[in-house]
Structure formats: C-alpha cells, structure tokens
Amino acid sequence: MSTTTAEPAELVETAPGYRARRTLPLRVEAVRQLKRRRTLVMGAVLAALPFVLIIAFAIGGDQDGGGNGRITLMDTATASAANFAATCLFVSAGFLLVVAVALFCGDTVASEASWSSLRYLLAAPVPRGRLLWSKLAVALGFSAAAMVLLPLVALAAGTVAYGWGPLKLPTGGALPAAETLPRLGLAVAFILVSQLVTAGLAFWLSTKTDAPLGAVGGAVGLTIIGNVLDAVTALGSWRDFVPAHWQYAWVDALQPQLEWGGMLKGTAISVTYAVILFALAFRGFARKDIVS
C-alpha cells in the first residue's frame, strides 16, 4: 500500500492567511537553485569555454579555411569579437548547452525526491501545480541565463583578444558592427527556443523518477538520438519533424539578408513538442503517489 502525500484540503480552507499563490515564491526557489553546486559548476564551465577556445586558437595559429578551400564560421572565429561569440555558440549549441538545459530542468524535481524532501514540500502545503510552475519557471530562467552568459563572456574576451569590428561572414561580406549585437541576440533567442524540447524531456522525466542523473541523462540521450535521426538522409522530409533538424537555423540570422523561414519552422516544431511534454509532466505529477 503506497502512501500518497497531498495538500490537506481542510488545512488549505481553514488556515488563516493561507494563499496558494504565495507558497514557494520564485525568489526562494531561485536562491535555492543558485546555491546548488551543479549551478555554480555549469556557470563556471560556460564562462571558461571562451578562454579555452582563445588558447586553442593561439596554439593552433591562423585559420586557413580548411583543405577544401571552403570557409566556415570556425575559420572566421578570430576576425572579431562578434565572430568569436558566434563561434562559441556554434561549438556549444549541439551538446554543452543541451547538457546545461537538461541539468537545470531534469534535476529540479527529481533531486527533491532523491532527498526525500518532496513530500514535505507538498505537505507545507504547496499545491502540486504551484510547485511545478515554480520549479519550471526557475529552471527555464537558469537555462536562459546560461544561453546569455556564454556569448556575453565570449564578446568580452573576444574584444580583448581580437578587437571589436564587423561580423565577417563565411559566405563573403560582413555585417556592420552596429547590427551584430541584435543579430547575435536573435540567434541566442532561437537557440533557447530550440532547446525547449530538451527542457520538456528533462522536466517530464524529472517528475517520473527519483534519480536526477536518470532524468538529465535520459533527456541528453534522447536529444542525441534526435541528432542521429536527423543525420539519416533516407528519412527525407520526415526529418523536418525532428527538432534537431532546425537546431542550427539560427545561422540564418547571421546572413546579409535575414532569413526567417528556418527559424520560424524550428520554433513551431520546438514549441509544439515542448508544450506536449510540459503538459505530460503536469498531468502525470498531479496523479502521482509521492512516497519520497
């Protein structure tokens, strides 16, 4: 016989001054998550990446465009601070930022269960819906902060190392320095939206398991599987429904003429999957027996 912990209706109705909306304020949850070691470690890793790349470029010497004569975004990394920031986004969007989002969204509920503190939060009483909304909002907030932290540090470090200037385009030409920040901001915004699928997977798994690493690893693993499926060209047009197919559509924001098509399609796919996964998380958690 399982023990279900739920918010007692009698207490909710009669306790003087009780307001469900005031339980587990976002500020309190944000401070709790900010003090977590994994938050500090992930922030340090993201902040250190630009400096690691600067050292790598210094050791490797000038970029030569590769052996086939084609120039890529990586080859223009040292042209300016804007190019360096774009390169940092390019090398991290496929994995490092995925891990950051999965960590913040997958660890949030499952860690409470692993500490056996989840049932005490609900007995406070914090309504289940309120608890999930608070944790999801803070997790997405930290994910957004991770997306912003990396290019900000890259711009600062790149300005010192390579100077401020126009964004040199691999296809030829350059974006004026005044346009680079809005374009990079658009790229970061799209990357965040494209990562909502990973956030949804991690958050849903976090409500299904008491093992934080299981939720985080499961979300990262499923995201990698999506990348593998996107590489299977035999799937043809079916790849358009794989979120990973659009993860680099933000590069269109760094073209002389801004292209919206890929980013709009990618946004529609990501938001659709994310809404379904978040709904599954709330629906399943509302009916779940909390025993830890």
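Out of all the residues in segment 221-241, is one or more of a type in the set (Ser, Thr, Tyr), surrounded by fewer than 19 Cβ atoms within 10 Å (Cβ to Cβ) and assigned to a helix (DSSP H, G or I)?
yes
So, in segment 1-39, of the ones that are surrounded by 10 or more Cβ atoms within 10 Å (Cβ to Cβ), under 35 Å from the mean Cα position of the chain (by Cα) and farther than 21 Å from residue 136 by Cβ, which residue ends up modelled with the lowest pLDDT?
4
Residue under question is residue 103, and the condition is that it be open to solvent by 30 Å² or more (accessible area, probe 1.4 Å) and farther than 20 Å from residue 210 by Cα; does it hold?
No, not satisfied.
Considering 110, 156, 124, 161, which residue is assigned to a helix (DSSP H, G or I), over 17 Å from residue 258 (Cβ atoms), out of contact with any Lys or Arg (no Cβ under 6 Å at 6 or more places or on another chain) and modelled with pLDDT under 90?
Only one candidate qualifies: 110.
Report whether or not residue 58 is modelled with pLDDT of 95 or more and assigned to a helix (DSSP H, G or I).
Here the answer is no, as residue 58 does not meet what is asked.
Go through segment 129-140 and report how many residues are in contact (Cβ under 8 Å) with a residue 40 or more places away in the chain and open to solvent by 40 Å² or more (accessible area, probe 1.4 Å).
Looking only at that region, the number is 3.
Among the β-branched types (Val, Ile, Thr), assigned to a helix (DSSP H, G or I), within 30 Å of residue 58 (Cβ to Cβ) and modelled with pLDDT of 95 or more: which single residue out of 197, 188 fits that description?
188
The values are calculated or read from the model by the stated rules, or taken from the named source; none is laboratory data. Note that the structure is predicted; figures quoted are calculated from it, not measured. Using ideal geometry, Cβ is built from the backbone for each residue, glycine included, and neighbour counts are taken over all protein chains shown. Keep in mind that these areas ignore ligands, DNA and RNA; they rest on the heavy atoms of the full protein, side chains included. Shrake-Rupley method; radii C 1.70, N 1.55, O 1.52, S 1.80 Å.
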